[in-house]
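Novice: So that we are looking at the same thing, I have put the structure below in structure tokens.
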Amino acid sequence: MHKVAAERVSEISREFTDGFKFLENYPKSITFFGANQFKEDNPYYASAQTLASRLVKELGYSVVSGGGPGIMEAASRGAFEAGGNSLGLLIRLPHEQIVNEYITKSFSAYYFFVRKVCLSFSAEAFIFYPGGFGTLDEFFEILTLIQTRKITHTPLICVGSEYWNKLKGFMKEEVLSRGAISEDDLKLFHIIDDHDKIIEIIKKVRVRMS
């Protein structure tokens with residue numbers, strides 16, 4: 001049992017090391033999250049594609065995503081078509097993961113938690129579009145890391161106010177009212193649809209890796 005555990009720990013350590021080395025090559029990055037079901041005709045898809053393109057052209061950022069379809073594809077496509085780095089942090093599955101065609105470089109992890117850490121490790125900002133359980137899982141995990149100051153000076157920006165304002169309303173009416181969070185906790189993320197305002201926030205961010 002000890003040998004099996006030691007081998008597993010070594011494997012996990014190697015995968016983290018490889019993932020971090022991959023990200024070190026791209027010191028300025030923005031990570032996108034959102035539903036993988038959205039198609040090209042979805043307004044959130046169009047918004048993510050346009051925003052990613054602007055982040056590449058105007059600010060010189062690399063765009064990171066999970067490498068799949070939906071919002072991930074939209075962000076990858078925006079970066080790719082703008083001539084920038086479109087990075088995919090992939091997961092190895094029994095049945096092959098669907099990888100979008102706009103990825104320029106990728107890292108593939110076996111462990112989901114390695115992939116999740118890498119998605120949040122070096123980003124200068126997190127962009128969240130509406131999504132399902134996976135998106136909300138990532139949102140609350142990163143929000144908790146910001147709340148506990150494990151991640152600092154990294155904006156968490158939510159695009160799609162009609163979606164996120166309802167979630168914020170639930171937090172205020174059900175979570176804040178019971179004393180489980182503070183008023184300041186509701187200020188740890190931004191709900192913004194205007195790309196110009198998002199660009200202005202990201203312009204002020206300090207690059208964490210160089």
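The values are calculated or read from the model by the stated rules, or taken from the named source; none is laboratory data. Source: prediction; values computed, not measured. Note that each Cβ is placed from the backbone with ideal geometry, even for glycine, and that neighbours are counted across all protein chains shown. Areas reflect the complete protein model, heavy atoms only, side chains present, ligands, DNA and RNA absent. Shrake-Rupley method; radii C 1.70, N 1.55, O 1.52, S 1.80 Å.
Novice: Return the pair list, or none, for Cβ contacts closer than 9 Å from residues in the range 1-29 that are closer than 28 Å to residue 203 by Cβ and assigned to a helix (DSSP H, G or I) to residues that are open to solvent by 70 Å² or more (accessible area, probe 1.4 Å) and at pLDDT below 90, at least 6 apart or on different chains.
Specialist: 19/121; 20/121; 23/121
Novice: Looking at the range 118-140, which of its residues are open to solvent by 10 Å² or more (accessible area, probe 1.4 Å) and within 20 Å of residue 194 (Cα to Cα)?
Specialist: Result: 131, single match.
Novice: Read through the list (1) within 25 Å of residue 39 (Cβ to Cβ); (2) surrounded by fewer than 22 Cβ atoms within 10 Å (Cβ to Cβ); (3) modelled with pLDDT of 95 or more, then give the number of the only condition that residue 71 fails.
Specialist: Of (1) within 25 Å of residue 39 (Cβ to Cβ); (2) surrounded by fewer than 22 Cβ atoms within 10 Å (Cβ to Cβ); (3) modelled with pLDDT of 95 or more, only one is false for residue 71: (2).
Novice: Answer yes or no as to whether residue 113 is open to solvent by 70 Å² or more (accessible area, probe 1.4 Å) and part of a helix (DSSP H, G or I).
Specialist: yes
Novice: Which of the residues belonging to the range 159-210 are open to solvent by less than 60 Å² (accessible area, probe 1.4 Å) and of a type in the set (Asp, Glu)?
Specialist: Across the range 159-210, the qualifying residue is only 185.
Novice: Out of everything in the range 81-110 that is more than 17 Å from residue 32 (Cβ to Cβ) and in contact (Cβ under 8 Å) with a residue 24 or more places away in the chain, what residue ends up being most open to solvent (accessible area, probe 1.4 Å)? Steps first, please.
Specialist: Going through the range 81-110, the residues more than 17 Å from residue 32 (Cβ to Cβ) turn out to be 83, 92-96, 108-110.
Pick out the ones that are also in contact (Cβ under 8 Å) with a residue 24 or more places away in the chain and you get 83, 109-110.
On the way: 83: 70, 109: 0, 110: 123 Å².
Here the residue is 110.
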